[in-house]
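Heads up: the structure comes next, in structure tokens.
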Amino acid sequence: MTRSTGRGYGRKGIPRAPSLVGARYGRLVVTGRDCTPGEAPNVFWACLCDCGASTVARADRLRSGKTRACARGCRA
Ligand SMILES: [Zn+2]
């Protein structure tokens with residue numbers, strides 16, 4: 001099946017999703033996408049916590065407010 005090149009698709013055929021970079025969720029600020037092989041794209045995002053630790057969080061958990069800080073004992 002052939003698809004025209006396209007809008008909405010990156011070079012590797014990964015669907016593009018709205019970037020979360022720069023968004024703040026609780027104590028976390030999204031710094032970039034974290035692509036994990038085998039996982040759906042745009043699901044995991046690298047974040048920087050207010051405490052200075054970096055972490056990776058799932059987009060749906062960020063959006064739902066379930067993840068609001070790094071996994072090192074921070075509490076939002
Ligand atoms: Zn933290």
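Every listed requirement among (1) modelled with pLDDT under 85; (2) in contact with a Lys or Arg (Cβ under 6 Å, 6 or more places away or on another chain); (3) of a type in the set (Gly, Ala, Ser) is met by residue 53 save one, (1).
Residue by residue, here is whether (1) in contact with a strand residue (DSSP E or B) (Cβ under 9 Å, 6 or more places away or on another chain); (2) part of a loop (DSSP other than H, G, I, E, B); (3) β-branched (Val, Ile, Thr); (4) at pLDDT 90 or above holds:
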position	(1), (2), (3), (4)
4	no, yes, no, no
12	no, yes, no, no
31	yes, no, yes, yes
35	yes, yes, no, no
42	yes, yes, no, no
63	yes, no, no, yes
67	yes, yes, yes, yes
70	yes, yes, no, yes
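Starting from residues that are touching a strand residue (DSSP E or B) at 6+ places or on another chain (Cβ under 7 Å) and hydrophobic (A, V, I, L, M, F, W, C), keep the ones in segment 14-29 and report whichever is modelled with the lowest pLDDT. The selected residue is 20. Look at segment 24-46: where a residue is surrounded by 15 or more Cβ atoms within 10 Å (Cβ to Cβ) and a partner is modelled with pLDDT under 85 and part of a strand (DSSP E or B), sitting 6+ places away or on another chain with Cβ atoms under 7 Å, you get 41/15.
The values are calculated or read from the model by the stated rules, or taken from the named source; none is laboratory data. None of these values were measured; they are calculated from a predicted model. Neighbour counts are summed over all protein chains in view; Cβ atoms, including those assigned to glycine, are modelled from backbone coordinates with ideal geometry.
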